[in-house]
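*Asks:* Let me begin by handing over the structure; questions about it come next.
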Amino acid sequence: MVVGNCTSGFGWESELKIVVAEKEVWRTYLKHHPNASDWRGKPCPYYEDLCIIFGKDRAAGQDAQGPEDIEDEVNKKDENDEATKKDAPESSSTQEPSERVETSSVRSGKRARISENLVKGLSEVASILGREIRAASSEISRAVGFDVELSEKRSKLNQELSVLGLTTMERHRATRKIVSEPETIDIFFSIHDAEKKEWVQALLRGDI
């Protein structure tokens, strides 16, 4: 469940991993939490993990609770506190109004902390994913650009060799040898035209 201010009407869809609510509920919530608009209708596969990691006063190990138990845990504790106070001597009855206010404040404080921790966790996950996606996209772009440039050079290689005055066999051998290494292709196209024939012949002899 979403907790905090203006969260009445929210629910958690465990199969789709999304927060669900009516449009009017979302509209009211976003007035107070505009930064949450990115998460409307978007899956949050880490919700349960984040609740366990960032939740306060939570058990760990085999007795750890899932995220759906957070609110029940808070409410049950408050109910137990109320029951204890009802069993107290009558002499303490004059303090009940202030104690009820204090209990309500504690409950609200716990819910607020849970909400803040969840939002913080979601923001951190989104930030990490954003950095990873940008880095991966940059690497892919560089790789694609390199492949395109290499392909263009390979398609031009035979044309470049055909004007050097090489025999047909020399041209075929040179083509096979040059395209076998991307670095060799780059070297060939970086050499001045007047030097290319001598360079190719040296390559075929194994001198370079």
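Quick note: the coordinates plus some simple rules give every number you see, no bench work behind them. Since we're looking at a predicted model, the values are computed, not measured. Here the Cβ positions follow ideal geometry from the backbone for every residue, glycine too, while neighbour counts run over all protein chains shown.
*Asks:* Share of Cα-Cα pairs in segment 163-205 beyond 11 Å, in percent?
*Replies:* Tail fraction, whole percent: 63.
*Asks:* A follow-up question, please. Sticking with the crude label model, points 7 Å out along Cα→Cβ, report the distance from ARG27 to TYR46 in nm, one decimal please.
*Replies:* 3.3 nm
*Asks:* Length gain on complete extension for the stretch THR168 to ALA194, per 0.36 nm per residue less the alpha carbon to alpha carbon distance?
*Replies:* Taking THR168 through ALA194 to full extension adds about 7.4 nm, to one decimal.
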